[in-house]
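See structure below.
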Amino acid sequence: MKSPLLSLPGAVPAEGVDEGVAAHYGDLFREQRALADGAGFVDLSHRGVVAVTGEDRLAWLHLLLTQHVSELPVGEATEALILSAHGHIEHALYLVDDGTTVWAHIEPGTQEALLAYLESMKFFYRVEVADRTDDFAVVHLPAGSIAEVPDGAVVRETAYGRDLFLPRADLEAYAEKAGPAAGLLAYEALRVEHHQPRLGFETDHRTIPHELGWIGTAVHLQKGCYRGQETVARVQNLGKPPRRLVFLHLDGSDVHLPPHGTEIRLADEGEDGRKIGFVTTSVRHFELGPVALALVKRNVPVDARLVAGETAAAQEVIVEP
């Protein structure tokens, strides 16, 4: 779905899974600074929007999600995962309940698979699930923003800012009031700075929540059963995850950033060294320079010198070994 905000001056379209919104509007670092200062907005209208209604909605979702939501207060934001039977991450949902409906925004293009799963689990519960992507657009306001929130808009407020669920027909009119616009690359740079994992970037087909630091923020350890809980409990109580998320400071002399999937090796082992991880997201940050998130084997020493492709990298611990 192509955003009408791609017609704004300087807009350069994003590619890949984020196709449909602007990667930037001509000045990546200016856009990052604006967001960091609490100004502007980010067009996230390419993300999927799912709504769950019905009097059993919270109790029902509580059975399916990794998060404790059976008593979720109205207006309180949370995030949750859906796991496979083996505990691997399949979906990530960013939720808020407005008193009658649970609203969630999810990764672009994942709504069909998510809705198919949710529909298969309805059974006798009094719930209705709907894909509202065609009707609602997500807009992000950074922390500290004083931009006006339209009356009636559903708001999901976190420490990192507010996500608005706006009628898609109102997107252009709202953008005229909420500017300046910041592109997705600026939003992603701050996401990496804050060590926030993203489905499909920091995850692959075998990722479990412990590897990404999603325990606590998206996984509640004292709730009832849900699919994949056995793996979560076993790793939490008896072992350690096989991999861990790290933050990388990259050599700033390299012109190109190592893309997603770039192999990481120990610098001391040279070019033929064994693969010990891979880059998940790399960005250019307006203050930190080139940085990245990466998944590495749990037993990689925290002080080890790393190489991402041909780029030297130093790691900061996110998930403890």
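Hey, any idea what the orientation-averaged projected area of the convex hull of the range 189-321's Cα atoms comes to, in nm²? Can you show the working numbers first?
Numbers: hull surface 33.7 nm².
Its Cα hull, projected and averaged over all orientations, spans 8.4 nm².
A 30 angstrom limit on the alpha carbon distance is what I want to check against. Which of Lys2/Lys223; Lys223/Lys275; Lys122/Lys223 exceed it? Walk me through the numbers on the way to the answer.
Details: Lys2/Lys223 40 Å; Lys223/Lys275 37 Å; Lys122/Lys223 20 Å.
Lys2/Lys223; Lys223/Lys275, as the Cα separations exceed 30 Å there.
Quick one: compute a quarter of the convex hull surface over the Cα atoms of the range 1-149 and quote it in nm². List each step's numbers first, then the result.
Working: hull surface 40.3 nm².
Over every viewing direction, the Cα hull of the range 1-149 projects on average to 10.1 nm².
Hey, rough spin-label estimate for Ala169 and Glu15, points 7 angstrom out along Cα→Cβ, what's it come to in nanometres?
3.6
Hey, with R₀ at 25 Å, roughly what FRET efficiency would Ile146 and Glu287 work out to, going by the Cβ-Cβ distance, to 0.05? Please list the in-between numbers first.
Values: r = 23 Å, r/R0 = 0.91.
So, using R0 = 25 Å, E works out to roughly 0.65.
With a 1.4 Å probe and every protein chain left in place, work out the accessible area per residue of the range 226-321 in Å², rounded to a whole number.
On the way: 4920 Å² over 96 residues.
With all protein chains present, the range 226-321 gives 51 Å² per residue.
Give me the extension gain from Val155 to Asp251: residue separation times 0.36 nm, minus the current Cα-Cα distance, reported in nm with one decimal.
On the way: separation 96, 0.36 × 96 = 34.56 nm, distance 3.90 nm.
Gain on extension, Val155 to Asp251, equals 30.7 nm.
Give me the one-decimal Kirkwood hydrodynamic radius in Å for the chain, with the sum taken over alpha-carbon pairs. Please report the intermediate quantities before stating the final value.
On the way: mean 1/r = 0.0486 Å⁻¹.
About 20.6 Å for the chain.
Of the listed peptides 64-73, 3-12, 143-152, 102-111, what is their order by residue-averaged count of other C-beta atoms within 10 Å, with the highest listed first? Don't skip to the end; give the middle numbers.
Working: 64-73: 18.2, 3-12: 15.3, 143-152: 12.4, 102-111: 21.6.
Highest-to-lowest ranking by the protection proxy: 102-111, 64-73, 3-12, 143-152.
Rounded, prolate or oblate: which fits the range 245-305 when a ≥ b ≥ c are the square roots of the eigenvalues of the alpha-carbon gyration tensor, with rounded for a/c under 1.5 and prolate only if a/b beats b/c? Intermediate results must be reported in sequence, preceding the final value.
Numbers: a/c = 1.75, a/b = 1.55, b/c = 1.13.
In terms of gyration-tensor shape, prolate.
Taking every pair of alpha-carbon atoms in the range 103-147, what share in percent sits in each 10 Å bin, from 0 to the bin with the longest distance?
Result, from short to long distances: 20, 42, 24, 12, 2 percent.
Which ³J(HN,Hα) values in Hz, rounded to whole numbers, follow from the phi angles of the range 283-292 under the Karplus curve 6.51 cos²θ - 1.76 cosθ + 1.60, where θ = phi - 60° and Gly and Pro get x?
9, 9, 9, 5, 10, 8, x, x, 9, 7
Determine which aspartates and glutamates satisfy two conditions relative to Lys297: a Cα distance under 20 Å, and not lying fewer than 8 residues away in the same chain.
Answer for Lys297, where 20 Å is the Cα cut-off: Glu202, Asp204, Glu211, Glu263, Asp268, Glu269, Glu271, Asp272, Glu310, Glu316, Glu320, listed by chain and number.
With an 8 Å Cα cut-off and a minimum separation of 6 or more residues, compute the relative contact order for the chain in percent. Present the calculation step by step, with values, prior to reporting the outcome.
Numbers: 714 pairs, mean separation 59.9, N = 321.
Worked out over the chain, it gives 19 percent.
The values are calculated or read from the model by the stated rules, or taken from the named source; none is laboratory data. All values derive from a computational prediction rather than experimental measurement. Counting neighbours? That spans all protein chains shown, and the Cβs are built from the backbone with ideal geometry, glycine included. Just so you know, the surface numbers come from the protein's heavy atoms only, side chains and all, with ligands and any DNA or RNA stripped out. Shrake-Rupley method; radii C 1.70, N 1.55, O 1.52, S 1.80 Å.
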